[in-house]
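Before any comments, here is the structure.
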2 protein chains.
Amino acid sequence: MTNSEPAPAEGKRDRLIRSAAELLYRRGVDSPTLADIAHDADVPTGNVYYYFKTRDELVEAVIDARADEVRQLLASLDRRSSPRARLKGLARAWAANEDDIATSGCPIGTLCSELNKRDRGLDQRAATLLSTVADWVEDQIRQLGRSDARELAITLLATVQGAAVLASSLSDPKIMTSQIRRLERWIDTLSAGDT
Amino acid sequence: MTNSEPAPAEGKRDRLIRSAAELLYRRGVDSPTLADIAHDADVPTGNVYYYFKTRDELVEAVIDARADEVRQLLASLDRRSSPRARLKGLARAWAANEDDIATSGCPIGTLCSELNKRDRGLDQRAATLLSTVADWVEDQIRQLGRSDARELAITLLATVQGAAVLASSLSDPKIMTSQIRRLERWIDTLSAGDT
DNA sequence: GTCTATAAGGCGATAGAC
DNA sequence: GTCTATCGCCTTATAGAC
């Protein structure tokens, strides 16, 4: 590897991953063909195999790209001053994506659900996305002094995942809006003590 | 139609629907082939087309079969004496399926989520399953004297759908158990008044 | 390194024998 | 009515030209 240029090969590889992430999110993990993805990324169809040995390897790259997004989001939230502010920041991040979520569900939740049914080991790699967020939320709630932080973290995540399933299936964006608002009020009530 | 026999043709059709329902639940809506389904139902592969014109028509029959299940469950719960007892009966029904849900998610929720991404009109038909339950829950909560019954019904359903996504994705049945328990306590606290 | 042409296999669907 | 044989298409993946 020389020190010169921005690696045009990387450009195409990244475009393939971005197009794949978007198409798999909108139309499901298995439905989009490599031709669909390559066309969207402006890459010749057969040439996908120069960058990825199999289709699953491209799916894996999409999972890893989502993992990067999650890490970046949580890192930005970590700069906030209090655990409550960090949790609320997470809620606002979801709120900012309400429309997409109401249309196609949670990018992470639907990915995990679908891979869970067409298992090839990819499902476990995808599950890491959810547990990363769960662990982070648990950590914030524990900092609020709650001993039942794990269950509360799961409760918080379940609310969002469930709202995403309902809002997208029933085509009703207001479900996301109202459930996130309820979540923010719930975060306000969180304080030391159990149940 | 004569009055004589249990209709052997019906037997095969029903077996195809049952096998399809199970396989689509376990492995996703698109993944199982007609050969897989026919084999599981002990019906010759090509013969599926005597009963269903297209694969989608079989999927539609699966949705309708789920709708029957839902109607029967809600009808049996309607025999209970109070709205609170009916809601708790629903929670117990979910608890009884905890293991399946922790393995493959909610049969209705995952069906709706997947069809939402491979749209052919089937998604709207499937969404009826969710809204039927939502409407019923809303009705029960309203009978408890709550004016915010719709939002509370969505909250209840979101909890279960979210728990199903998390439990199946993270392969942790305890998530379903604890969230259903929390739901039952929450039902106990429901009474007249808002928020 | 990049891309085209094509192979190999599996799928939904059909035609028609029984 | 029931089933078999098979078609034609689409998809992933490869071989090899440029």
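Descriptive notes on the structure:
- Annotation for B:Ala85, label-to-label distances across the other copies: 5.2 nm (shortest first, one decimal, point 7 Å from Cα along Cα→Cβ).
- Long-range tail of P(r) for the range B:19-72 (Cα pairs > 14 Å, %): 52
- Positive-pole candidate from A:Ile37, A:Leu74, A:Tyr49, dipole of the range A:1-104, charges at beta carbon: A:Leu74
- Between copies, B:Ser31 shows label-point distances of 1.7 nm, shortest first, with the point placed 7 angstrom from Cα along Cα to C-beta.
- Mean separation of Cα contacts under 8 Å, 6 or more apart, over the residue count of the range B:8-53: relative contact order %: 38
- The trypsin sites (Lys or Arg not before Pro) of the range A:78-178 that DSSP puts in a loop, and whose beta carbon has at most 13 other beta carbons within 10 Å, are A:Arg79, A:Arg120.
- Computed lengthening from A:Ser76 to A:Asp139, 0.36 nm per intervening residue step minus Cα-Cα distance: 21.1 nm
- The rotation axis that maps chain A onto chain B passes nearest to the beta carbon of this chain A residue, listed with its distance in whole angstrom: A:Gly162, 2.
- If the Kirkwood radius is taken over C-alpha pairs of the protein assembly as shown, then at 10 °C and 1.306 mPa s the Stokes-Einstein diffusion coefficient equals 71 µm²/s.
- Other copies of A:Asn97: label-to-label distances in nm, shortest first, labels 7 Å along the beta-carbon direction: 2.8
- Percent RCO, i.e. relative contact order, over the range A:64-189, from Cα pairs under 8 Å lying at least 6 residues apart: 34
- Across the range B:64-189, Cα-Cα distances exceeding 16 Å account for 62% of all pairs.
- Per-residue Cβ neighbour rank within 10 angstrom, fewest leading, A:Ser76, B:Ser81: B:Ser81, A:Ser76
- Exposure proxy shown here: for A:Tyr50, A:Tyr25, the number of other Cβ atoms within 10 Å sets the order, fewest to most, as A:Tyr50, A:Tyr25.
- With Cα atoms, 0 to 90° folded angle of helix A:122-143 axis to chain A main axis: 30
- Counting only alpha carbon atoms, the long axis of helix B:83-96 and the longest principal axis of chain B meet at about 50°.
- When peptides B:52-60, A:106-114, B:101-109 are ranked by their average number of other Cβ atoms within 10 Å per residue, the highest-first order is A:106-114, B:101-109, B:52-60.
- For chain A, the Cβ-based charge dipole about the Cα centre amounts to some 460 debye (Lys, Arg positive; Asp, Glu negative; other atoms uncharged).
- Chain B: angle of helix B:55-78 to the longest principal axis, Cα-based, in degrees nearest 10: 40
Every number here is computed from the coordinates shown, using simple stated rules; none is lab data. If you're wondering where the values come from, they're calculated on a predicted model, not measured in any experiment. As a convention, Cβ positions derive from the backbone with ideal geometry for all residues, glycine included, and neighbour counts pool all protein chains shown.
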